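The values are calculated or read from the model by the stated rules, or taken from the named source; none is laboratory data. Keep in mind it's a predicted model, so treat the numbers as computed, not measured. FYI the Cβ positions are ideal-geometry reconstructions off the backbone, even for glycines, and counts take in every protein chain you see. Keep in mind that these areas ignore ligands, DNA and RNA; they rest on the heavy atoms of the full protein, side chains included. Shrake-Rupley method; radii C 1.70, N 1.55, O 1.52, S 1.80 Å.
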Amino acid sequence: MSLRDSHRAHTRARIQDAARETFFGRGYHEATIDEIAQAAGVSRSTLYLYFPDKPDMLTHIAKAYGDALCKVVERLPSPNPSRAEIGVWVGELARYIADDRTPAILITHLSERVDAPMAVSQIGERLIDALAARLPAFAAALDNSGAHDLARAWALVVMRDLGWACLQAARDDGKGLGASLLIVAADLLEHFIKKNDEWGTT
């Protein structure tokens, strides 16, 4: 990589980090391009050389976060992890989210809105795809025939509750209620995996 390319990559990363922090602090819809440029230490025109608008910035933030989450998913034993293995993996996921909680909280809050940006909803789809590659229960949830709507509903609830438990655990450093929520989330995931054989008959 040339010095110029290295400088461009550094500037792009700085703008993306500034956008992430500004979206988190001000809210995605309230944040302005000028605020992001100021936080990144660049001019507005320089920012536009790298990102045409806020949705593009959010898309890059969401993609980077989704890539990282999918790597954590790849460490989940398959196809039928034991409850102990699920517990270890949920702990890994919770630690990752605690270490990088800014995008987790930002994306979670945006996903709760009726007008959630496409980049945010795509993270959920990517995670279901990654889990489906590891676990037959999630693969069944992707069946679009309508025969497995119950499986898809379960998958969405499991993912929502697992993410929520990890965020709560991050807020109290994995102690107290947060630790208990991780246990319940792991139990829920185990239950969903074990129900896999029932999806064809319910």
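Overview of results
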quantity	calculated
Translational diffusion coefficient (Stokes-Einstein; Kirkwood radius from C-alpha pairs) of the stretch 63-202 at 20 °C, 1.002 mPa s, in µm²/s	140
Straight-distance crosslink candidates among lysines, where the alpha carbon sits under 22 Å from LYS54 and sequence neighbours closer than 8 are dropped	LYS63
Cα-based reach from LYS195 at 26 Å (exclusive), listing lysines while leaving out same-chain residues under 8 positions away	LYS71
Distance (nanometres) between label positions extended 7 Å along Cα→Cβ at ASP149 and HIS10	5.6
Of the DSSP H helices in the chain, those whose Cα atoms cover at least 20 Å axially and whose Kyte score averages 0.0 or more	54-73, 83-99, 118-134, 149-171, 176-194
Helix-only CD estimate at 222 nm, as mean residue ellipticity for the chain, using -39500 (n - 2.57) per DSSP H run (n ≥ 4)	-24500 deg cm²/dmol
Percent breakdown of C-alpha pair distances by 5 Å bin, ordered from the shortest bin, for the stretch 42-83	5, 18, 15, 15, 12, 9, 8, 6, 5, 4, 2
Length-normalised contact order for the chain - Cα pairs under 8 Å, 6+ apart - percent	20
Alpha-carbon Debye profile of the stretch 1-42, log10 I(q)/I(0) at 0.14, 0.21, 0.25, 0.30 Å⁻¹	-0.33, -0.60, -0.75, -0.93
Carbon/sulfur fraction of accessible area - the stretch 72-150, other protein chains in place, 1.4 Å, %	53
Within the accessible area of the stretch 1-51 (1.4 Å probe), percent carbon and sulfur	51
